[in-house]
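Here is the structure we will look at.
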Amino acid sequence: AKAAGRNTQRFFDPDMQAAVSMRAALEVDLRRGLNQRELLLYCQPVVDSSGKLLGAEALVRWNHPRRGLVLPGEFIPLAEQTGLILPLGQWVLEAACAQLVQWSRSALTRPFFLSVNVSVRQFRQPDFVTQVLGALQASGANPERLRFELTESLLLTDVEDSIARMEQLRRHGVGFSMDDFGTGYSSLSYLKRLPLDQLKIDQGFVRDLQTDPNDAAIVRTILALARSLDLSVVAEGVETPGQFEFLQRHGCQAFQGYLFARPMPAGMLERALLPAP
Ligand code: C2E
Ligand code: CA
Ligand code: CA
Ligand code: CA
């Protein structure tokens with residue numbers, strides 16, 4: 001189709017058809033992968049300024065029989081379009097609860113949180129709250145250790161409904177972070193009304209904060225805003241000591257990024273923390 005040039009109108013673009021059938025194949029494959037239990041729960045540590053573990057973010061991986069470890073960027077969007085995000089999200093929720101229980105029984109002394117990403121379709125399910133409470137109860141996980149990461153666009157699609165769902169879960173101790181903060185359009189009035197515990201500064205602002213004065217200003221503003229609203233902040237995508245130092249200097253107290261640790265299988269996090277035998 002490329003050789004045909006930009007001006008040529010086609011009703012049937014072979015490139016597009018290839019993309020469509022590839023998507024269909026991927027959908028079948030993902031459905032199979034879900035049934036075959038090919039998903040893995042990875043975790044990335046969140047640390048304080050002394051490097052002490054505060055908690056972790058659950059990040060799903062697909063251990064594909066032929067392709068190896070597939071990152072969520074390659075299948076979450078498709079899962080959202082096809083509805084497969086519902087069984088996938090349920091699997092992640094149950095795996096996260098099981099992990100919390102395992103950590104609580106292990107020799108890990110200090111309790112810490114596990115954050116779970118939630119897609120809009122999953123969050124708007126009529127029985128989302130019931131499903132979460134069911135998973136907590138069935139596993140015996142402590143709700144105080146569970147936290148959900150929701151994006152601005154998700155929260156603002158229906159603010160009243162978002163608040164109601166969050167309040168119901170908060171009554172049981174579940175926490176809420178706003179993910180990728182700064183990339184959406186949230187107005188300050190909404191931010192004040194939403195029952196949040198935490199903001200996560202998007203890694204897009206962290207990346208260039210030492211070279212781009214706009215990004216530096218945005219990060220400082222987010223940190224000041226969070227302080228005045230009494231929200232904690234996690235900076236995402238911290239890769240260099242310079243970024244870490246800048247964030248600390250402006251009052252950030254929780255950090256996530258390759259500088260500290262990459263996402264790892266959930267079981268490894270525990271091993272990394274336990275004192276060597
Ligand atoms: P996110 O929620 O913004 O997650 C952070 C992403 O940044 C992760 O990518 C993580 O591996 C990556 N990251 C962490 N530290 C660094 C760093 O220092 N530098 C750079 N360049 N990247 C870093 P990942 O694991 O590929 O996940 C991508 C996205 O997929 C996540 O973005 C999240 O939106 C989505 N996702 C992951 N797991 C789930 C899930 O269980 N459910 C849903 N609905 N979405 C998920
Ligand atoms: Ca996240
Ligand atoms: Ca994020
Ligand atoms: Ca992101």
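The values are calculated or read from the model by the stated rules, or taken from the named source; none is laboratory data. Please read these numbers as outputs of a predicted model, since none were measured by experiment. Note: ideal-geometry Cβ built from the backbone for every residue, glycine included; neighbour counts use all protein chains shown. These area figures cover heavy atoms from the full protein model, side chains too; ligands, DNA and RNA do not enter into them. Shrake-Rupley method; radii C 1.70, N 1.55, O 1.52, S 1.80 Å.
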Would you mind stating whether residue 149 is within 16 Å of ligand 2 (Cβ to nearest atom), under 30 Å from residue 241 (Cβ atoms) and surrounded by 13 or more Cβ atoms within 10 Å (Cβ to Cβ)? yes
So, in the stretch 224-253, how many residues would count as being more than 16 Å from ligand 4 (Cβ to nearest atom), of a type outside the set (Asp, Glu) and within 17 Å of residue 192 (Cβ to Cβ)? 8
Looking at the stretch 227-249, I want the residues that are touching a residue at least 24 places away in the same chain (Cβ under 8 Å) and at positive phi and have a partner that is among the polar types (S, T, N, Q) and within 16 Å of ligand 4 (Cβ to nearest atom) with Cβ atoms under 6 Å, at least 6 apart or on another chain. Which pairs are those? 237/203
Among strands (runs of 3 or more DSSP E) lying entirely in the stretch 173-275, which contain 2 or more residues that are within 14 Å of ligand 3 (Cβ to nearest atom) and touching a Ser or Thr at 6+ places or on another chain (Cβ under 9 Å)? 175-181, 198-201
Out of the residues in the stretch 86-133 that are within 16 Å of ligand 4 (Cβ to nearest atom) and more than 23 Å from residue 268 (Cβ to Cβ), state the one that is surrounded by the fewest Cβ atoms within 10 Å (Cβ to Cβ). 120
Those residues that are out of contact with any Ser or Thr (no Cβ under 8 Å at 6 or more places or on another chain), within 19 Å of residue 115 (Cα to Cα) and either surrounded by fewer than 21 Cβ atoms within 10 Å (Cβ to Cβ) or not aromatic (Phe, Trp, Tyr) (or both), I need them from the stretch 52-76; list them, please. 52, 53, 54, 59, 60, 61, 71, 72, 73
Hey, can you tell me all the residues within the stretch 105-136 that are among the polar types (S, T, N, Q), part of a loop (DSSP other than H, G, I, E, B) and out of contact with any Asp or Glu (no Cβ under 9 Å at 6 or more places or on another chain)? 109, 125
Please pick out the residue among 243, 203 that is of a type in the set (S, T, N, Q), buried (at least 21 other Cβ atoms within 10 Å of the Cβ) and under 22 Å from the mean Cα position of the chain (by Cα). 243
Over the stretch 20-51, the set of residues without any contact (Cβ under 8 Å) to a residue 40 or more places away in the chain and surrounded by fewer than 16 Cβ atoms within 10 Å (Cβ to Cβ) is 20, 21, 22, 24, 25, 28, 32, 35, 36, 37, 50
Filter the stretch 206-222 down to residues that are more than 19 Å from the chain's Cα centre (by Cα) and open to solvent by 90 Å² or more (accessible area, probe 1.4 Å) and give me whichever is nearest to residue 162 (Cα to Cα). 220
Hits in the stretch 78-104 - residues which are in a loop (DSSP other than H, G, I, E, B) and either of a type outside the set (Gly, Ala, Ser) or in contact with a strand residue (DSSP E or B) (Cβ under 9 Å, 6 or more places away or on another chain) (or both): 84
Of (1) modelled with pLDDT under 95; (2) open to solvent by 10 Å² or more (accessible area, probe 1.4 Å); (3) touching a strand residue (DSSP E or B) at 6+ places or on another chain (Cβ under 9 Å), residue 191 fails just (2)
Tally, over the stretch 137-162, of residues that are assigned to a helix (DSSP H, G or I) and either among the β-branched types (Val, Ile, Thr) or within 19 Å of the chain's Cα centre (by Cα) (or both): 11
